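Inspection log for the structure reproduced underneath, given as structure tokens.
The values are calculated or read from the model by the stated rules, or taken from the named source; none is laboratory data. Since we're looking at a predicted model, the values are computed, not measured. We place every Cβ from the backbone using ideal geometry, glycine too, and count neighbours over all the protein chains shown. With ligands, DNA and RNA removed, areas are computed over all heavy atoms of the protein, side chains included. Shrake-Rupley method; radii C 1.70, N 1.55, O 1.52, S 1.80 Å.
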Amino acid sequence: MTAQHRPFIPLSIAVLTISDTRTLADDRSGDTLQERLEAAGHRLAVRGVVTDDIEAIRARVLEAVGDPGVDVVITTGGTGFTGRDVTPEAVEPLFDKRMDGFSTVFHQISMQKIGVSTIQSRAVAGLAGTTFIFALPGSPGACRDAWDGILAAQLDYRHRPCNFVEIMPRLDEHLRRGGRSA
């Protein structure tokens with residue numbers, strides 16, 4: 001449900017593709033996310049490709065989290081079960097708060113599209129300081145499903161009854177109470 005009397009508030013979003021084989025020239029999943037976020041009225045803050053390496057992923061995500069001009073980080077790729085799929089291991093230690101509901105809802109949406117194959121994804125999300133992080137699977141379809149089914153609404157201030165944008169001004173409350181600083 002959208003409250004049209006509320007203004008749209010554009011966010012700055014970093015899109016990082018996690019892959020040893022992709023480049024920006026052939027990154028269809030990153031293209032899908034960029035097209036959707038820009039069509040929604042948001043701003044692409046950063047776009048990049050990061051190798052499937054825990055330290056490399058963590059460094060790039062931390063760089064984005066440390067940038068006051070980035071509100072949201074979306075990664076695509078590295079959420080499966082193969083040896084090089086290490087995105088959850090890279091980003092989960094960065095979370096001050098884990099968003100368990102994201103994975104649950106993502107799997108419900110995915111189940112409708114690809115059936116039980118959804119169990120092969122370890123999509124995760126959380127909050128690092130005041131920055132939202134979403135780690136999505138590396139397929140364009142999964143990126144479409146996550147954006148269209150979850151992120152488009154939750155990153156829109158007009159979405160009712162609640163959304164992430166309206167709580168952004170209060171996210172640093174836990175930092176002031178002795179939590180970790182970003």
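If I model a spin label at SER139 and LYS97 as a point 7 Å from the Cα along the Cα→Cβ vector, what separation in nanometres do I get?
3.2
For the chain, modelled as a Gaussian network with Cα springs under 10 Å, which listed residue fluctuates most, ARG158, ARG43, ARG170?
ARG170
Quick one: accessible area per residue over the chain, 1.4 Å probe, rounded to a whole number of Å²? Intermediate values should be presented prior to the final figure.
Working: 8760 Å² over 182 residues.
The answer is 48 Å² per residue.
Report the percentage of all Cα-Cα pairs in the chain whose separation exceeds 22 Å, rounded to a whole percent. Spell out each step's value before the answer.
Details: 6867 of 16471 pairs.
Taking all Cα-Cα pairs of the chain, the fraction more than 22 Å apart is 42 percent.
Please give the residues of the stretch 71-111, grouped as numeric ranges, whose backbone N is less than 15 Å from a label point set 7 Å along the Cα-to-Cβ vector of GLU55.
90
In a Gaussian network model over the chain where Cα atoms closer than 10 Å are linked, find which of ARG28, ARG36, ARG160 has the largest mean-square fluctuation.
ARG160
7 Å from Cα along Cα→Cβ at both GLU89 and ARG160: what's the point-to-point distance in nm?
Here the answer is 4.6 nm between the modelled labels.
Give me the net charge of PRO140's neighbourhood, meaning all other residues with Cβ under 9 Å from the Cβ of PRO140; Lys, Arg count +1, Asp, Glu -1. Don't skip to the end; give the middle numbers.
Numbers: positive: ARG28, ARG144; negative: ASP31.
Summing Lys/Arg as +1 and Asp/Glu as -1 gives +1.
How far apart, in nm, are the 7 Å Cα→Cβ label points at ALA25 and GLN112?
The answer from the label model is 3.8 nm.
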